[in-house]
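Engineer: Once you've had a glance at the structure underneath, I'll fire off some questions.
The values are calculated or read from the model by the stated rules, or taken from the named source; none is laboratory data. In this text the structure is predicted, and so the values were computed from the model without any measurement. Virtual Cβ from ideal backbone geometry, glycine too; neighbours counted across all protein chains shown.
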Amino acid sequence: MPDWLTSILLGVIEGITEFLPVSSTGHLLVPQQLGWLEKQTDLFNIAIQSGAVIAVLFNFTDRVKQLTLRWREPEARDYLAKLLVAFVITGVGGLLIDKLGFELPENVLPVAVALLVGGMLFVVVEKMIGDRASLAKVTWTIAIAVGFGQLLAAVFPGTSRSGATILIALLMGLKRMPAIEFTFLLGVPTLLAAGAYKVFKAIRAESVTEDWGQLALATAVSAVTAFVSVRWLLRYIETHTFVAFGWYRIALGLALLFAVNS
């Protein structure tokens, strides 16, 4: 398969799955690990996630304007502070884990298990809480918990950053739309920082072997597809729950476990 086509396909996969609670990392790793697509470096897989940031900025324009143009207002400052605290928890924890060298093997088995467990949790949590969630605003407790949720997703491939954080927010009583908004906006600095950190480490170690043109192509494709994906999700959640995503994760997790053991 031509390199440019592989880049486009990976960009599409990343863009569609980054903000859906189904694990973009898992969907990127599995076809590469199974040999369906040419295997890429960690730098490539993480850097193209930064393109999805554009989707958030253009889908939450009202909140973005509030945080950038009216940041002196108490409500905007409070929201920014909560985003900052959650990001710092993830960033500091992520750096510590990286320094300690702790990481799970990036193969199909842990991804399958994480998809399966996360799917079951989504089904159970929606059945238990669902429309009974009453909080319309992010509390400090939720912001801190969401920060640790991102950290959990960073350690276990297949968990899903958005999936883990949305689940935590729902469990703590936050309604679906504010949960989506907070976790997606938190993804902006998180994804940019993760991409920048990987690029910095690669350049410092003089181990950069990327085709920057292919990387730019995949990043651009992920930005466009992520915009469409987020726009669709926001409309979908207005009248639906996350149960369908839970069953999708369960089905995919079981299929991958079967593929690994067959």
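Engineer: Filter the range 144-156 down to the residues that are surrounded by fewer than 24 Cβ atoms within 10 Å (Cβ to Cβ) and either in contact (Cβ under 8 Å) with a residue 24 or more places away in the chain or under 11 Å from the mean Cα position of the chain (by Cα) (or both) and list them by number. Walk me through how you get there before you give the answer.
Structural biologist: Initial filter on the range 144-156 (surrounded by fewer than 24 Cβ atoms within 10 Å (Cβ to Cβ)): 144-145, 148, 151-156.
Within the range 144-156, Ile144, Ala145, Phe148, Leu151, Ala153, Ala154, Val155, Phe156 qualify.
Engineer: Does Ala179 qualify as being assigned to a helix (DSSP H, G or I) and either under 19 Å from Val85 (Cα atoms) or modelled with pLDDT under 90 (or both)?
Structural biologist: Answer is yes for this residue.
Engineer: I'd like the full set of residues that are of a type in the set (S, T, N, Q) and within 17 Å of the chain's Cα centre (by Cα), limited to the range 217-258.
Structural biologist: Hits for the range 217-258 are Thr219, Ser222, Thr225, Ser229.
Engineer: Shifting gears a bit: May I ask you to list the residues in the range 33-65 that are free of Cβ contacts under 8 Å to residues at least 40 places away in the same chain, part of a helix (DSSP H, G or I) and within 19 Å of Trp212 (Cβ to Cβ)?
Structural biologist: Asn45 - this is the single residue of the range 33-65 that is free of Cβ contacts under 8 Å to residues at least 40 places away in the same chain, part of a helix (DSSP H, G or I) and within 19 Å of Trp212 (Cβ to Cβ).
Engineer: Sticking with this one: If you scan the range 180-232, which residues turn out to be among the polar types (S, T, N, Q), within 22 Å of Gly94 (Cβ to Cβ) and surrounded by fewer than 19 Cβ atoms within 10 Å (Cβ to Cβ)?
Structural biologist: Within the range 180-232, Ser207 is the sole residue that qualifies.
Engineer: Do we have Lys201 as assigned to a helix (DSSP H, G or I) and among the charged types (D, E, K, R) here? Spell out how you get there, then give the answer.
Structural biologist: Numbers: assigned to a helix (DSSP H, G or I): yes; among the charged types (D, E, K, R): yes.
Considered against the rule, which asks whether it is assigned to a helix (DSSP H, G or I) and among the charged types (D, E, K, R), Lys201 comes out as yes.
Engineer: Of everything in the range 42-89 that's of a type in the set (Phe, Trp, Tyr), crowded, with 19+ Cβ neighbours inside 10 Å and modelled with pLDDT under 95, which residue is farthest from Ser7 (Cα to Cα)?
Structural biologist: Among residues in the range 42-89 that are of a type in the set (Phe, Trp, Tyr), crowded, with 19+ Cβ neighbours inside 10 Å and modelled with pLDDT under 95, the one farthest from Ser7 (Cα to Cα) is Phe60.
Engineer: Somewhere in the range 161-173, is a residue modelled with pLDDT of 90 or more, within 17 Å of Gly118 (Cα to Cα), in a loop (DSSP other than H, G, I, E, B) and among the hydrophobic types (A, V, I, L, M, F, W, C)?
Structural biologist: yes
Engineer: Listed residues Leu20, Leu37, Leu10; which is at pLDDT 85 or above and more than 14 Å from Ala216 (Cα to Cα)?
Structural biologist: Leu20
Engineer: Scanning for something within 21 Å of the chain's Cα centre (by Cα), of a type in the set (Asp, Glu), surrounded by 14 or more Cβ atoms within 10 Å (Cβ to Cβ) and part of a helix (DSSP H, G or I), does the range 118-127 turn up at least one residue?
Structural biologist: yes
Engineer: Still on this structure, I have one more. Is there any pair linking a residue in the range 241-262 that is in contact (Cβ under 8 Å) with a residue 60 or more places away in the chain to one that is among the acidic types (Asp, Glu), with Cβ under 6 Å and at least six apart or on different chains, and which?
Structural biologist: Thr241/Glu126; Phe242/Glu126; Val243/Glu126
Let's see how each residue does on (1) out of contact with any Gly (no Cβ under 6 Å at 6 or more places or on another chain); (2) among the hydrophobic types (A, V, I, L, M, F, W, C); (3) under 30 Å from Ala255 (Cβ atoms):
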| residue | (1), (2), (3) |
| --- | --- |
| Glu73 | yes, no, no |
| Leu83 | yes, yes, no |
| Leu96 | yes, yes, no |
| Leu116 | no, yes, yes |
| Thr139 | yes, no, no |
| Ile142 | yes, yes, no |
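Engineer: Shifting gears a bit: Enumerate the pairs (first residue in the range 18-29 and within 12 Å of Leu252 (Cβ to Cβ); second residue anywhere and among the hydroxyl-bearing types (Ser, Thr, Tyr) and surrounded by fewer than 24 Cβ atoms within 10 Å (Cβ to Cβ)) with beta-carbon separation below 6 Å, excluding pairs fewer than 6 apart on the same chain, so at least 6 apart or on different chains.
Structural biologist: Note: pairs meeting the criteria are His27/Thr17.
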